[in-house]
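Right, one structure below, let's go through it.
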Amino acid sequence: MELIGDYTNLTRSGSKWKGLSPFSAEKTPSFFVDPDRGEYYCFSTAQGGDAIKFLMTRENLTFPEAVEKIAHRFGIALEYENSTHGIERSMRGVLFEIHEFARGFFRARFTEKSDVAARVRDYWTRERGFSLDVAEEFSIGFLPENGSRALIDALLEKHFPERAVATSGMFGNSAHPPVLRSRRLQFETRLIIPIRDVQGRVIAFSARKIPTITPQNQWEEAKYKNSSESEIFKKGQTLFNIDKAKETYTDLARKKNGEDLREIPFVLVEGQLDAIRCYISGIKSVVAGQGTGITLAQMQLLARYSNGLDCLLDADEAGMKAALRLAPIAFEAGLSLNFLHVPDGKDPDEFLRKNSAAAEEILQNRKSAIDFITDRFFGTGERLSSTRRQEALTEVYEILSAASSLVFRSEALMVLARKAGVERLMLERDFSTFLKKKEARKSGHEGTSPRFAERADGDSHPLTTLEEDVLLLALQHEAILLNLATYVPVEWIDTGNIAGRILNKILAECAEGSWKNARESLHELLDDDDAERSFVAALSVRADPSAGTAEPDELAWDCICRFCERHCSRERAKIAAAVAALPPDSPELGDWLMRDRKLRDLLKEYKTKKFDKNKEA
């Protein structure tokens, strides 16, 4: 519970807990945790399992890495072994340690008593207008010229593997262990800003040129140099300051303020220094991209904590184009998007540095996404030709089509019709035609109904099977398992579906006397099959052990009768087909009719008799 609570807010729902999915953006909770079984299931992504499986999926960790993370989270000491049976130290864990060590190394160079460090601090305080306390809070660092060798030596002295150091991302993509000591970090003579993941772990660095300190021969290079992607750093999945910004939406803050904090939007800016300036000016939910285009993964990360996003990009042409590229991605993630405007067209850092108390002025200067988009295409006052107007409408349609909310689309089309000077009904028909053409261009877009799936022969059938119903009941009332194992032959169970395979395994264990209980025995049966584990997790969150008042024997017998009825029905259908194919005088006819009579008698017997409690398996 505590572990998963780090990723989503959970509330009690009967004997279980529920919350918004940590794996996808949603507004209606579909994620359930069963604390008694120690399992979760996410209905929006159809996956489930235990705490280790959760971390492996959510954080893209290996099994050893997930174990290490849980141990670290709860203060459990791990013992590492060299044998294949022990848990080996994970590469990801080593990379986190390398980055934390490097952060401390860079930070020490920033604070040391040297002439160059003093000039760097002077740049930070006088030219950038930040305090040394802010530098401490964000762990701002520096690496002097030719300082790479000292860092490499320090890392190797700490016994970090050369391969891990070389592939950490600080040396670009081409570093190899044999030449590690000759490598030069791309961060030398630059201001170094740590980039952290949502849990606050340093995963990369961004380094900015410093006037009078960064050599002239490097002045034509990029203003910022960032770590290359590594096993722990993916630019398209990371947002600067997300670790601090997400604290706005914690349970503790929610309880203090007594408000729905999901309605507080994130604020997206372009650069790290913009984000730091906004943060210290009171905009605590600020985040920044990584110098590349914003991705759906980044927007989905924000949607786990908030319903909204306020975009604060530069007011130049590049910023406007970036805003239009961002809009459909935010809509697809389900975020309510607005755009903020800095007075006088300045960038946020410059404006707030001179007006430190003006953060609220920026936040109040908000324009809805649809007003921003339509003004971009139709708010210039320019009279558009019919061809250009249709081209502009098509561009807006493309952006709006990413939104799944029909209410938002309807409101957006109303605004668009007014701005474009088009009759609303005509515009709605035009948009509908656009959507149909867009859908037609897609391949494999047809889905199945939520209640029925399509078979290979084209017939539909209910998604819930008898085996699934019985397995669900058996997990709720384990006392019925022995009777099921005694009276249900293996041929009555359809092992062609996943529920049947699991049920068959459990009943086999019961028949052999090896079954203890679900908590002790089930995981051993399913350890090697993720699909089966996920399926059981889904059942466990549906089950309620307190449900139902019938006696276990009655429940078991009802299940047995259902199996018998289905078995007899299927066999009699086969007999009917065989009889229909025989000539009237066939000598085989009597045998088939005798089989049919036995099946009818068997079904009658099972429906009328009670358990023989003395019968042995």
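Does the stretch 425-434 contain any residue that is among the β-branched types (V, I, T), farther than 15 Å from W557 by Cα and modelled with pLDDT of 85 or more?
So in the stretch 425-434, the residues among the β-branched types (V, I, T) come out as 433.
Now restrict to residues that are farther than 15 Å from W557 by Cα: 433.
Next cut, modelled with pLDDT of 85 or more only: 433.
Yes.
Would you confirm, using the coordinates I've provided, whether K354 is under 31 Å from the mean Cα position of the chain (by Cα), loosely packed, with under 15 Cβ neighbours inside 10 Å and not small (G, A, S)? Spell out the reasoning first.
Details: under 31 Å from the mean Cα position of the chain (by Cα): no; loosely packed, with under 15 Cβ neighbours inside 10 Å: yes; not small (G, A, S): yes.
For K354, the condition - under 31 Å from the mean Cα position of the chain (by Cα), loosely packed, with under 15 Cβ neighbours inside 10 Å and not small (G, A, S) - is not met.
On the basis of being open to solvent by 40 Å² or more (accessible area, probe 1.4 Å) and either polar (S, T, N, Q) or out of contact with any strand residue (DSSP E or B) (no Cβ under 8 Å at 6 or more places or on another chain) (or both), does Q272 make the cut?
Judged against the criteria, Q272 is not a match.
Give the residue that is modelled with the highest pLDDT, with candidates limited to residues of the stretch 321-351 that are in contact with a Gly (Cβ under 9 Å, 6 or more places away or on another chain) and of a type in the set (D, E).
Going through the qualifying residues, I end up with D349.
Which residues, counting only those in the stretch 39-69, are small (G, A, S) and modelled with pLDDT of 80 or more?
G48, G49, A51
Residue-by-condition table, conditions (1) buried (at least 17 other Cβ atoms within 10 Å of the Cβ); (2) farther than 22 Å from K607 by Cβ; (3) aliphatic (A, V, I, L, M); (4) without any contact (Cβ under 8 Å) to a residue 24 or more places away in the chain:
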position: A474; (1), (2), (3), (4): yes, no, yes, no
position: H477; (1), (2), (3), (4): yes, no, no, no
position: L482; (1), (2), (3), (4): yes, no, yes, no
position: V490; (1), (2), (3), (4): no, no, yes, yes
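Out of T394, T380, T387, I need the residue that is among the polar types (S, T, N, Q), open to solvent by 80 Å² or more (accessible area, probe 1.4 Å) and in a helix (DSSP H, G or I). Which one?
Values: T394 fails: open to solvent by 80 Å² or more (accessible area, probe 1.4 Å); T380 fails: in a helix (DSSP H, G or I).
Result of the check over T394, T380, T387: T387.
Of all residues in the stretch 194-217, count the ones that are touching a helix residue (DSSP H, G or I) at 6+ places or on another chain (Cβ under 8 Å) and more than 30 Å from R92 (Cβ to Cβ).
Residues flagged as touching a helix residue (DSSP H, G or I) at 6+ places or on another chain (Cβ under 8 Å) and more than 30 Å from R92 (Cβ to Cβ) within the stretch 194-217 amount to 5.
Results for (1) under 34 Å from the mean Cα position of the chain (by Cα); (2) open to solvent by 10 Å² or more (accessible area, probe 1.4 Å), shown as yes or no for each residue.
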| site | (1), (2) |
| --- | --- |
| R107 | yes, yes |
| V116 | no, yes |
| V120 | no, no |
| F130 | no, no |
| A135 | yes, no |
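Within the stretch 167-179, does at least one residue satisfy the condition of being open to solvent by 70 Å² or more (accessible area, probe 1.4 Å) and within 21 Å of I213 (Cα to Cα)?
No, the stretch 167-179 contains no residue that is open to solvent by 70 Å² or more (accessible area, probe 1.4 Å) and within 21 Å of I213 (Cα to Cα).
Would you pick out the residues in the stretch 296-320 that are open to solvent by 40 Å² or more (accessible area, probe 1.4 Å) and either in contact with a strand residue (DSSP E or B) (Cβ under 6 Å, 6 or more places away or on another chain) or at pLDDT 85 or above (or both)?
Passing the criteria: L296, A297, Q300.
If A556 satisfies every condition in (1) assigned to a loop (DSSP other than H, G, I, E, B); (2) within 16 Å of A485 (Cα to Cα); (3) small (G, A, S) but one, which is the exception?
(1)
Can you tell me which residue is modelled with the lowest pLDDT among those in the stretch 280-295 that are of a type outside the set (A, V, I, L, M, F, W, C) and open to solvent by 20 Å² or more (accessible area, probe 1.4 Å)? Reasoning before the result, please.
Step one: of the stretch 280-295, the residues of a type outside the set (A, V, I, L, M, F, W, C) are 281-282, 284-285, 289-293, 295.
Keeping just the survivors that are open to solvent by 20 Å² or more (accessible area, probe 1.4 Å) gives 281-282, 284, 291-293, 295.
Details: S281: 92, G282: 91, K284: 93, G291: 75, T292: 71, G293: 80, T295: 90.
Among residues in the stretch 280-295 that are of a type outside the set (A, V, I, L, M, F, W, C) and open to solvent by 20 Å² or more (accessible area, probe 1.4 Å), the one modelled with the lowest pLDDT is T292.
Got a sec? Which of E605, E565, E571 is open to solvent by less than 70 Å² (accessible area, probe 1.4 Å), in a helix (DSSP H, G or I) and not hydrophobic (A, V, I, L, M, F, W, C)? Steps first, please.
Numbers: E605 fails: open to solvent by less than 70 Å² (accessible area, probe 1.4 Å); E565 fails: open to solvent by less than 70 Å² (accessible area, probe 1.4 Å).
Selected residue: E571, the only one of E605, E565, E571 that is open to solvent by less than 70 Å² (accessible area, probe 1.4 Å), in a helix (DSSP H, G or I) and not hydrophobic (A, V, I, L, M, F, W, C).
Determine, yes or no, whether L324 is open to solvent by 50 Å² or more (accessible area, probe 1.4 Å) and within 29 Å of the chain's Cα centre (by Cα). Spell out the reasoning first.
Details: open to solvent by 50 Å² or more (accessible area, probe 1.4 Å): no; within 29 Å of the chain's Cα centre (by Cα): yes.
So L324 fails the test.
Taking the residues in the stretch 220-252 that are in a loop (DSSP other than H, G, I, E, B) and of a type in the set (G, A, S) as candidates, determine which candidate is most open to solvent (accessible area, probe 1.4 Å). Don't jump to the end; show me each part of the working.
Kept after step one, since they are in a loop (DSSP other than H, G, I, E, B), are these residues of the stretch 220-252: 220-223, 227-234, 238-239, 241, 250.
Adding the requirement that they be of a type in the set (G, A, S) leaves 222, 227-228, 230.
Working: A222: 57, S227: 1, S228: 19, S230: 10 Å².
Once the filter is applied, the top-ranked residue is A222.
Starting from residues that are in a helix (DSSP H, G or I) and in contact with a Phe, Trp or Tyr (Cβ under 7 Å, 6 or more places away or on another chain), keep the ones in the stretch 402-419 and report whichever is most open to solvent (accessible area, probe 1.4 Å).
Here the residue is K419.
The values are calculated or read from the model by the stated rules, or taken from the named source; none is laboratory data. Note that the coordinates shown come from a computational prediction; the quantities given were computed from them, not determined experimentally. Don't worry about glycine lacking a Cβ; one is built from the backbone with ideal geometry, like all the others, and counts go over all protein chains shown. Note: areas computed on protein heavy atoms with side chains; ligands, DNA, RNA excluded. Shrake-Rupley method; radii C 1.70, N 1.55, O 1.52, S 1.80 Å.
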